[in-house]
Every structure is written in structure tokens, then in C-alpha cells.
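The block underneath contains the structure these notes are about, expressed in C-alpha cells.
The values are calculated or read from the model by the stated rules, or taken from the named source; none is laboratory data. Values in this document were obtained by computation on a predicted structure and should not be read as measured data. Counting neighbours? That spans all protein chains shown, and the Cβs are built from the backbone with ideal geometry, glycine included. Note: accessible area is taken over every heavy atom of the protein model, side chains too, but ligands, DNA and RNA are not part of it. Shrake-Rupley method; radii C 1.70, N 1.55, O 1.52, S 1.80 Å.
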Amino acid sequence: GPHRPFPAKAAMVAARRGALALALLLALFSTHVAAQRTLYCGEDDCYYLLGLDRYDSPTTKEIKKAYRALSRELHPDRNLNDPDAAAKFAKVAVAYETLVDPEVREEYHYYRDHPEDLWSNSMRYYARVYKPKSDMKIVVSVFLVGISALHWALMQLMHKRGKGYVKKYHPGFQKKVKELARERM
């Protein structure tokens, strides 16, 4: 009969496969957890970066005022001797972009209040960041017009090549076409 592995060997193969699957799953999960640390302001608190307190419920005007003051203070052009100036300035800019829009601010609050919702927090963040910025009707219309123009140009080219082929390789064909045209008139 067919050769079958010993039960102990089959168990070892199954254990290796299971361990490999578990390792892969853990790697994917840890990558996702690590990626979530880059959402919004990362591990920093956006309010803290702007010198504000979330529980004081700062208004959009107060957020803008805090950002303007910090951006003037931390701008890399004003801090030429600080090698971290650009990174600090970028963090403040991200904090401002997160908090100035009330809708994004609500998403950020949910993100901070519910860190256990890894998947939904990531989905909300990336859906907003990577959503199309253009009206899809315009994009589709421009695409269709472009494809139609390309089709028309190719058809013109094929017609021109066809006429050249007939003239070059079938000179008698033109005479027959002219005769048929005279008969029909």
C-alpha cells in the first residue's frame, strides 16, 4: 500500500504548521498594533502638543490661536540650531489638523477613549485620510472622454493604414469601386 508517515511524524508536521500559522497571525497583529501608534498624533496627545487640555473643551478659535503661536515658535527657519525643529513643527501641525476639524476631533476622541477598537479606529482613520478628494462624476467623465478620444484617434489611424494598404497592394480594387459608383449614379 501507499507509504504513510508515522503518527509521531504527522503530529510534528501538524504542530509545525500550527506554530507557523500562529506566528504569522501574531506578526500581522503586532504590525497592525504598531501601525496604530502612527494614527493621528501617534503616542502623543494632540491636545498636549498644542498646550491645551481636552477637558477644557477648547473651541476651534482657541485651537487655531495655540497652533499659530506654537508654529511661530517652533518653525525650523527660526530654530536653525535645533536638529529636531522640523519634527517638532510637524507634530504640532498634525495635532492642529486633527483638532481643528470637529468631525476629525470626534474620531480622535473615540480613538483615545477606545484603544481596544483597533480595527474600527484604523478603518475610520484610513477611510478619511485616503478618501478621494475629487468628485467621482468628474473623474469618470474625464476618463470616458479620454478613452473615447483615444478610440477615435486609433480608428482614424487604422482607416488611414487600410486605405494605404488597398492603394499599395490592390490597385484594381479602386477601379472596381469607381465603376460601381458610376453604375449606381
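Over all distinct Cα-Cα pairs of the range 99-185, the Kirkwood formula returns a hydrodynamic radius of 19.3 Å. Counting only protein heavy atoms and a 1.4 Å probe, the chain has 81 square angstrom of accessible area per residue.
Here Lys167 is the anchor, and the lysines within straight C-alpha reach of less than 22 Å, apart from those fewer than 8 places off in the same chain, are Lys175, Lys176, Lys178. Across the range 140-163, the residues whose backbone nitrogen lies under 12 Å from the label position 7 Å along the beta-carbon direction of His170 are 162-163. Each Lys or Arg adds one and each Asp or Glu takes one away; over the other residues whose Cβ falls under 13 Å from the Cβ of Cys46, this sums to -4. For Arg68, the shell of other residues with beta-carbons less than 15 Å away shows a net charge of +2, using +1 for Lys and Arg and -1 for Asp and Glu. Neighbours of Lys88 by Cβ distance under 14 Å: Lys/Arg scored +1, Asp/Glu scored -1, total -2.
Here r is the Cβ-Cβ distance between Lys137 and Val100 and R0 is 22 Å; the resulting FRET efficiency, rounded to 0.05, is 0.15.
What a 1.4 Å probe finds exposed on the range 84-155 is 68% carbon and sulfur by accessible area, rounded to a whole percent.
Counting 0.36 nm for each residue step from Met185 to Leu25 and taking away their Cα separation leaves a gain of 49.6 nm. Here log10 I(q)/I(0) by the Debye sum over Cα atoms at q = 0.15, 0.18 Å⁻¹ was computed from the coordinates, and among (i) -1.20, -1.30; (ii) -1.04, -1.18; (iii) -0.88, -1.10 the match is (ii).
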